[in-house]
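Visitor: Here you go, one structure.
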């Protein structure tokens, strides 16, 4: 059995299938870990959702910000006017089945045997492994409940930017979701910055990547994440950043995570260069 982690797909279904063929992925003996953002911007979000769902237990995917926005379009009574190309998903004959499946996916997945945590964007510097899973479960329970629209309506916004255990209600839900699905840089206090999305080399000097925060409490875990396409492939001993901008015309990247010293496999994007 091989376990492969793959970065943000964002509707690039054809690239995903070609990459799996390159890996010789076999669902009855291998497993995929996906960093979330299955949908939006790319041309084949519906096909991507259908395929990932069809893999069953052979695939673990966490929820990304674009996945949550799709769910909000279906379940929330109001959403901001954010550009998307998700109408084909929402109007599909199997939309209810697909979106019911999607809302039951986790925000974080941990494998103790691999000492590896899978998230879409990142986690707060003050969270250790158990805290991360506890807070993920708080939101997952709401999304899987009878009123999934409630947390989805509350997630939009940038405040509060700093995690505190005393947060309650909408602020607590929003802060948890933003860390899991929107995090890139933090301030010296650990507060999230939402403005900068570019390459690390050009980042403001008063900010740092969440994973470089000096007192980060999750430092003993290996963390697999995506979301930050301008960061590109990041490989460190306990960090694996896999969003290599397939939807922007760059590449889709996979790496086997159950064996040491595996080499990343990149498939060039079929999309036009957009940056």
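The values are calculated or read from the model by the stated rules, or taken from the named source; none is laboratory data. Keep in mind it's a predicted model, so treat the numbers as computed, not measured. Positions of Cβ are generated from backbone atoms using ideal geometry, with glycine treated the same way; all protein chains shown enter the neighbour counts.
Visitor: Given segment 21-119, what helices (runs of 4 or more DSSP H) lie entirely inside it while holding 2 or more residues that are under 30 Å from residue 260 (Cα atoms)?
Guide: On the way: elements: 45-54, 65-75, 87-90, 95-102.
Correct list: 45-54.
Visitor: Here are the criteria: (1) more than 23 Å from residue 269 (Cα to Cα); (2) surrounded by fewer than 17 Cβ atoms within 10 Å (Cβ to Cβ). Tell me which single one residue 26 does not satisfy.
Guide: It fails just one condition, (1).
Visitor: Could you please find all residues in segment 1-43 being under 11 Å from residue 59 (Cβ atoms) and within 11 Å of the chain's Cα centre (by Cα)?
Guide: 6, 33, 34, 38 - these are the residues of segment 1-43 that are under 11 Å from residue 59 (Cβ atoms) and within 11 Å of the chain's Cα centre (by Cα).
Visitor: Take the residues of segment 142-154 that are in contact (Cβ under 8 Å) with a residue 40 or more places away in the chain and assigned to a loop (DSSP other than H, G, I, E, B): which is farthest from residue 60 (Cα to Cα)?
Guide: 148
Visitor: Determine whether segment 129-141 contains at least one residue that is more than 18 Å from the chain's Cα centre (by Cα) and outside any helix (DSSP H, G or I).
Guide: Looking through segment 129-141, none of the residues is more than 18 Å from the chain's Cα centre (by Cα) and outside any helix (DSSP H, G or I).
Visitor: Let me ask something else about it. Go through (1) closer than 28 Å to residue 45 by Cα; (2) free of Cβ contacts under 8 Å to residues at least 24 places away in the same chain; (3) part of a helix (DSSP H, G or I) and name the single condition residue 173 misses.
Guide: That leaves (2) as the condition not met.
Visitor: Pull out all pairs, ordered by first then second residue, where Cβ-Cβ is under 7 Å, the residues are six or more apart or on different chains, the first lies in segment 155-166 and is surrounded by 12 or more Cβ atoms within 10 Å (Cβ to Cβ), and the second is at pLDDT 95 or above and in a loop (DSSP other than H, G, I, E, B).
Guide: 158/194; 160/167; 161/191; 162/189; 162/190; 162/191; 163/124; 163/126
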